[in-house]
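Structure record follows, encoded as structure tokens.
The values are calculated or read from the model by the stated rules, or taken from the named source; none is laboratory data. Worth saying up front: this structure is predicted, and the values here are computed from it rather than measured. Neighbour counts run over all protein chains shown; Cβ positions are idealised from the backbone, glycine included.
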């Protein structure tokens with residue numbers, strides 16, 4: 001299948017009021033992705049990759065940027081105040097061939113941008129992208145020690161099961177706003193993104 005990239009950028013707002021752009025990842029993002037990875041702390045790499053990863057190979061960079069946006073969806077969060085910077089982070093999901101309505105997701109946020117709501121925006125845009133493509137569950141493999149992520153995903157209604165030293169967490173698509181205050185806020189963010197996808201600009205928190 002030929003890659004199909006959405007032709008517009010979603011302009012949103014971080015929790016501190018800073019402007020952020022969300023857009024689909026394209027092959028030309030290889031250098032940006034490599035630079036962002038190099039800026040991750042060892043702890044962030046360990047939590048993201050659940051192990052020791054010191055560099056991304058050319059093959060890995062191709063895999064992470066040459067996506068079809070149907071079975072492999074990836075979005076980046078860019079700093080509108082510094083367009084040449086690698087950005088704030090990347091979120092992606094990959095559909096499971098054995099379970100076409102389930103996709104494994106990951107969210108990576110640079111250390112300097114953590115705590116600003118970048119992860120919330122990235123997961124929200126992944127969830128919004130999943131709905132029309134028939135994905136009903138976003139599945140994350142999360143380290144048990146990643147308390148911030150596991151607590152947040154549970155507040156979104158994720159079910160959890162053990163996978164050795166890690167946890168498999170299934171987030172429903174869409175999230176039920178009645179599940180918790182965090183879920184209600186998340187669904188509002190998803191709504192802002194849906195509205196933004198109806199045009200070329202949007203604003204949300």
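Among the residues of segment 31-44, which ones are buried (at least 17 other Cβ atoms within 10 Å of the Cβ), under 21 Å from residue 80 (Cβ atoms) and without any contact (Cβ under 8 Å) to a residue 60 or more places away in the chain?
Hits for segment 31-44 are 32, 33.
When you look at residue 60, is it buried (at least 16 other Cβ atoms within 10 Å of the Cβ) and either touching a strand residue (DSSP E or B) at 6+ places or on another chain (Cβ under 7 Å) or modelled with pLDDT under 95 (or both), yes or no?
Values: buried (at least 16 other Cβ atoms within 10 Å of the Cβ): no; either touching a strand residue (DSSP E or B) at 6+ places or on another chain (Cβ under 7 Å) or modelled with pLDDT under 95 (or both): yes.
So residue 60 fails the test.
Looking at (1) more than 25 Å from residue 139 (Cα to Cα); (2) at pLDDT 90 or above; (3) in a helix (DSSP H, G or I), can you tell me which one residue 20 breaks?
(3)
Among the strands (runs of 3 or more DSSP E) contained in segment 58-165, which hold 2 or more residues that are touching a helix residue (DSSP H, G or I) at 6+ places or on another chain (Cβ under 7 Å)?
72-79, 89-95, 102-109, 137-143
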